[in-house]
Structures are given as C-alpha cells and as structure tokens.
Amino acid sequence: MKIITFLILLLSPTFVFSQAKIEIDTIEVNYRIKDSIGVTSQIPQIKNGVNAVAKEKINSDIRKYFMAGITKDSAEYVNEILKQYELTTLEEYLELEDGELMPDDESEAFEITYLSDNLLNFTYSYQRLPFRGRYQFFFYSSQYDLRTGNKLKFDDFLTIEKDTLISIFRKKGYSISPQSGPDTPFLIVPIDEYDQYVEENIKYLFDKNDDFSCIDFYFIEKGNDLHLMFKFQCAGPYLADYGISMRYLQPYIMYSEFKNRFKLWGNNIYSLIGYDYLTLGNKIEFQEYTLTNTGSGFLLSNYNKAATAEYGIIICHSSTKTYHLFIKYQTVKDKKKGIITDIIELDKNELMGHLFVEFCETKNGGDSEIIALVKDRKDNSGYYTKIVKAWRANRKSGKFESVKKNKIKRCANESYGI
C-alpha cells in the first residue's frame with residue numbers, strides 16, 4: 001500500500017485576519033481505499049466572520065481543488081485511475097507503484113493572497129514529478145464574494161479592452177523571474193517590449209468561448225499597494241508570474257471595494273445613478289463623505305405580472321443624511337441587476353418624529369407607487385394621516401416625482417398589521 005501525502009506550505013494552521021474579522025482554519029481531510037490508496041490534504045476553511053450560506057458555498061468549493069477533497073465514491077475514483085493509466089485492475093496499478101513506475105513526487109499548496117470584509121482570493125498550486133520526467137505545474141485562483149459566496153470573474157473587477165490592458169501592462173507591468181542565488185530566488189523585472197507571452201496569455205481573459213486558458217489572475221498586497229497578478233501557464237517549463245499595480249488601472253476599476261480604496265466614486269451619492277446596486281459593498285467612500293449601505297428597503301408592489309422588471313426602494317445613510325434609492329431590478333443574460341435610477345435625499349433632522357412609509361392612498365384608492373414622509377403617531381393607529389412630504393416612484397420614468405401632500409388621503413401603518 002502506498003500512502004501519498006500532499007504537502008501544504010503554511011505559516012500556521014489558523015489564519016486570523018483582524019481587519020476583516022474573518023478566521024480561517026486548516027483542516028486535515030483524508031481519502032482512503034483500504035490497502036490501496038491513501039490521500040491526505042490540509043485544506044483551508046472559513047470558520048467565522050461570514051454568513052452561513054456564503055461560508056458553506058465557499059468552503060465546499062475550496063475543498064474541490066484538493067486531492068483529498070474527492071467527492072466520488074471508491075469505485076468511480078478507481079475506474080478513473082485505471083483509465084488514466086490504461087489499466088484493467090487495481091492490482092496492476094499497485095504493481096506499478098511497487099515497481100516505482102508511478103509519479104514519485106507530488107505536492108500541493110495554497111495561499112490566501114487577499115482578504116477583506118467582502119472579498120477572499122484563494123490560490124491553489126499542484127506540482128507533479130513523473131518517474132524520470134520533468135515537473136508538471138498546475139495553478140488555480142478563485143475570488144469569492146464573502147456576502148454571497150459567489151465566484152467573481154475578471155470583468156467584475158475591471159472593464160477594459162484587451163488591447164488597452166496589454167498596452168498598459170507593457171508600459172507599467174513587471175515579471176517575476178526565478179534566480180539562482182539563495183538570497184534572491186526571485187527578481188522583479190520590467191516587461192520586455194518583445195515579451196510574446198503578455199499578449200498571447202492576456203487574450204485568454206477576453207475569450208469567453210475558449211475552454212482552454214493559459215492564464216489565471218489574483219490580487220495581492222505588496223506593502224500598502226494592491227497588485228493585480230497573472231500566472232501565465234503557457235510560458236515554458238515553469239508558471240511565470242506577471243504583475244501590475246492597480247494604481248495604473250484606476251480608470252477601469254469596477255469592483256466596489258477597489259473603488260473605495262482609490263476614492264473613485266466621485267464627489268457624492270449622485271454619481272451612483274445608473275450603477276448596479278447589487279455590486280455595491282456595505283460601504284461607499286465618496287470624496288465628500290462615506291455612505292453606509294444597510295441593505296434595508298422594500299419592493300414596490302408589482303401590479304403588472306407581465307412586467308419584465310421589478311422596482312424597489314433601498315435605504316442608505318451618511319453621517320448626516322438618509323438616502324432612498326430607486327432601484328430597477330431586471331435579469332439580463334441570466335444575471336440579475338439592480339440599476340439605481342434616482343435618489344431622494346433627506347436630512348436626518350427631518351426624520352425626527354417622522355417616518356418614511358409606503359402603501360399610501362389617494363381619493364382613487366391605494367397607489368403602490370406613492371411613498372411619503374409622515375408624522376409619527378404615538379397611539380399606533382392603523383393609518384398615518386399627517387403627511388409631511390410625498391413622492392411618486394414612477395416606474396415609467398424611473399424618477400421620484402414630487403406629489404402634493406394634500407393629494408394623499410392616508411398611508412398604512414405596517415406595524416399595525418396593515
């Protein structure tokens with residue numbers, strides 16, 4: 001029986017990221033078939049700091065990368081091994097092991113290259129040295145949204161044309177070349193203008209229909225600087241690393257958290273009109289103030305079931321103001337988006353003794369588009385009748401339109417069960 005142990009390069013078994021308040025443990029996972037196969041991996045798993053749904057999705061996906069994270073039953077696993085080596089029985093496989101004709105050196109490793117409140121960047125590498133052969137290298141990188149557990153793609157971070165990225169990369173990027181000296185195992189060097197791998201590999205990021213890719217990307221902190229890194233996998237006997245500071249890519253950054261980092265949102269909240277609300281983080285850094293996105297709000301009643309879009313109101317806050325965002329929800333190419341179409345701004349002093357409510361009525365009856373600022377009632381009555389301000393969330397125009405308060409008969413008190 002041969003036990004294959006896959007090595008993990010770790011500084012410690014547990015990572016605690018105090019800034020993001022997220023704790024990641026490493027767990028030992030074993031896959032055993034009695035008297036024949038044994039595989040052991042040390043696998044990182046999120047322990048705390050992430051909601052249960054996202055944690056389960058991410059942890060489950062990470063396990064799939066590791067050799068011991070096998071989900072197949074023993075019969076299926078053995079059949080695949082036999083097919084790989086063109087064998088018919090497990091005994092033949094064990095004879096090859098005993099004869100040292102099987103791979104004699106294998107190792108796997110992982111790294112958490114970037115972690116924040118909203119983003120986890122995990123990388124996995126695997127090396128295999130066949131008997132009397134040359135090393136084979138494999139590398140994978142995944143970026144996880146810690147709010148949803150979903151994987152993110154390159155265009156979730158940057159909106160940039162292929163030729164533009166290649167041009168900037170050639171001018172501002174660098175490669176990491178292995179060196180022979182023990183004190184300088186790697187050397188950062190500028191991109192050679194004749195480096196053919198830059199163009200040949202970056203093109204795979206933009207080819208949506210290509211099942212074969214020579215490149216994976218990841219993010220890493222270097223000092224106080226954020227870098228975009230590429231692992232070029234079609235560049236010779238080793239996996240070449242190329243990088244560039246995100247400072248040079250600021251005009252093309254789409255990801256909310258990175259926009260915060262470089263203060264790219266503009267002066268104030270009105271720069272968000274037209275933006276997809278579902279891509280925003282919990283905090284937005286403007287030049288003038290910081291916005292807290294609580295995620296609270298409500299959907300407008302969908303009176304037309306044949307409509308292709310839903311509409312809602314989302315509430316956000318700065319230190320002095322409350323903002324109500326008019327959102328149009330629509331699915332485009334199987335991806336749901338929530339486009340911000342208009343904003344109501346209220347000073348927090350205006351909310352003293354007042355409430356922002358929906359479900360208001362005019363003389364013509366209930367109107368699902370009307371929202372209002374009303375005076376609070378201490379008697380917890382079923383309806384508010386003292387209207388301070390009112391608006392129509394017009395689905396056709398995507399705008400908040402002012403409505404004269406004397407047009408509003410009353411608004412329902414949801415706390416009363418209406």
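The values are calculated or read from the model by the stated rules, or taken from the named source; none is laboratory data. Here the structure is a predicted model, which is why all the values come from computation and not from measurement. Note: ideal-geometry Cβ built from the backbone for every residue, glycine included; neighbour counts use all protein chains shown. The area values use the complete protein model at the heavy-atom level, side chains included, leaving out ligands, DNA and RNA. Shrake-Rupley method; radii C 1.70, N 1.55, O 1.52, S 1.80 Å.
Taking the residues in segment 284-311 that are modelled with pLDDT under 85 and within 18 Å of the chain's Cα centre (by Cα) as candidates, determine which candidate is farthest from Gly366 (Cα to Cα).
Once the filter is applied, the top-ranked residue is Asn293.
Please list, ordered by first then second residue, the pairs with beta carbon atoms under 9 Å, 6 or more apart or interchain, first in segment 328-356 and over 21 Å from Phe400 (Cα atoms) and in the same structural domain as Leu299 (by the TED database), second among the aromatic types (Phe, Trp, Tyr) and open to solvent by less than 50 Å² (accessible area, probe 1.4 Å).
Qualifying pairs under 9 Å: Lys336/Tyr329.
Suppose we keep only residues that are assigned to a helix (DSSP H, G or I) and not charged (D, E, K, R) within segment 228-259. Which one would you say is farthest from Leu115 (Cα to Cα)? Let's see the steps before the verdict.
Here is the first cut: in segment 228-259, the residues assigned to a helix (DSSP H, G or I) are 246-252, 256-259.
Pick out the ones that are also not charged (D, E, K, R) and you get 246, 248-252, 256, 258.
Values: Met246: 16, Tyr248: 21, Leu249: 20, Gln250: 20, Pro251: 23, Tyr252: 21, Ser256: 14, Phe258: 12 Å.
Here the residue is Pro251.
Given Ile408, Ile315, which one is buried (at least 16 other Cβ atoms within 10 Å of the Cβ) and outside the structural domain of Ile273 (by the TED database)? Show your work before the answer.
Numbers: Ile315 fails: outside the structural domain of Ile273 (by the TED database).
That would be Ile408, the only listed residue that is buried (at least 16 other Cβ atoms within 10 Å of the Cβ) and outside the structural domain of Ile273 (by the TED database).
Return the residues of segment 260-284 that are assigned to a helix (DSSP H, G or I) and within 20 Å of Met229 (Cβ to Cβ); say none if nothing qualifies.
Quick first cut of segment 260-284, residues assigned to a helix (DSSP H, G or I) only: 260-261, 269-272, 277-279.
If the condition is that a residue be assigned to a helix (DSSP H, G or I) and within 20 Å of Met229 (Cβ to Cβ), then Arg261 is the only one that fits.
State whether the residues of segment 370-393 include one that is closer than 19 Å to Ile327 by Cβ and open to solvent by 40 Å² or more (accessible area, probe 1.4 Å).
Within segment 370-393 (the criterion being closer than 19 Å to Ile327 by Cβ and open to solvent by 40 Å² or more (accessible area, probe 1.4 Å)), the answer is yes, since at least one residue qualifies.
Which residue is most open to solvent (accessible area, probe 1.4 Å), if the candidates are limited to segment 67-119 and must be modelled with pLDDT under 80 and among the aromatic types (Phe, Trp, Tyr)?
Ranking the candidates gives Tyr85 first.
Looking only at residues that are outside any loop (DSSP other than H, G, I, E, B) and under 14 Å from Leu120 (Cα atoms) in segment 35-55, which one is nearest to the chain's Cα centre (by Cα)? Let's see the steps before the verdict.
Taking segment 35-55 first, the residues outside any loop (DSSP other than H, G, I, E, B) are 37-48, 52-55.
Still in the list and also under 14 Å from Leu120 (Cα atoms): 44-48, 54-55.
Numbers: Pro44: 18, Gln45: 17, Ile46: 15, Lys47: 18, Asn48: 18, Ala54: 11, Lys55: 13 Å.
Out of the qualifying residues, it is Ala54.
Tell me which residues, restricted to segment 357-384, are small (Gly, Ala, Ser) and over 15 Å from Phe400 (Cβ atoms). Let's see the steps before the verdict.
Filtering segment 357-384 for residues small (Gly, Ala, Ser) gives 365-366, 368, 372, 381-382.
Hits for segment 357-384 are Gly365, Gly366, Ser381, Gly382.
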